[in-house]
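These notes concern the structure reproduced below.
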Amino acid sequence: MPEICITNMHDKIIVATSPKSLLESILQSHTDWLHSCGGKGRCTTCKAIIIEGEKNLTPQTAAEKKYQALNQLADNERLACQCAVRGNIKIAVPDENKMPHIDYSV
Ligand code: FES
């Protein structure tokens, strides 16, 4: 199964266990990750910066295109609830979505 490396969580490696979404794989690994709308594509709190492996993610959804047009999702960011992992990727948590109780490495 593909691996997800979260670079600013001390290069934490998790396995992409969910065929459905990056968010589901992250949560299944018991890693805290914001997802205020519950994974419905209605917020941007689950966004991830894609460091490597963009081609290993499923294509952008309508929700992601909408937030990109509104300048709330950068070209190198994806909504974790909207994309699924098909190969190894490296991601990072954006500063604005970091949680206070987690010790981030960058
Ligand atoms: S959890 Fe709200 S858009 Fe992903």
If we take region 1-72, then strands (runs of 3 or more DSSP E) inside it with 1 or more residues that are loosely packed, with under 14 Cβ neighbours inside 10 Å and hydrophobic (A, V, I, L, M, F, W, C) are 12-15
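From HIS30, HIS35, HIS10, which residue is under 18 Å from SER105 (Cβ atoms) and modelled with pLDDT of 95 or more?
On the way: HIS30 fails: under 18 Å from SER105 (Cβ atoms); HIS35 fails: under 18 Å from SER105 (Cβ atoms).
Answer to the check: HIS10.
Within region 32-41, is there a residue that is among the polar types (S, T, N, Q) and either without any contact (Cβ under 8 Å) to a residue 60 or more places away in the chain or more than 13 Å from the ligand (Cβ to nearest atom) (or both)?
There is at least one residue in region 32-41 that is among the polar types (S, T, N, Q) and either without any contact (Cβ under 8 Å) to a residue 60 or more places away in the chain or more than 13 Å from the ligand (Cβ to nearest atom) (or both).
Which of the residues that make up region 79-96 are outside any loop (DSSP other than H, G, I, E, B) and either loosely packed, with under 15 Cβ neighbours inside 10 Å or within 10 Å of the ligand (Cβ to nearest atom) (or both)? Show your work before the answer.
In the first step, residues of region 79-96 are kept if they are outside any loop (DSSP other than H, G, I, E, B); the result is 79, 85, 89-92, 95-96.
Residues satisfying the conditions are LEU79, ASP95, GLU96.
The values are calculated or read from the model by the stated rules, or taken from the named source; none is laboratory data. Everything numeric here is computed off the predicted structure, so don't read it as measured data. We place every Cβ from the backbone using ideal geometry, glycine too, and count neighbours over all the protein chains shown.
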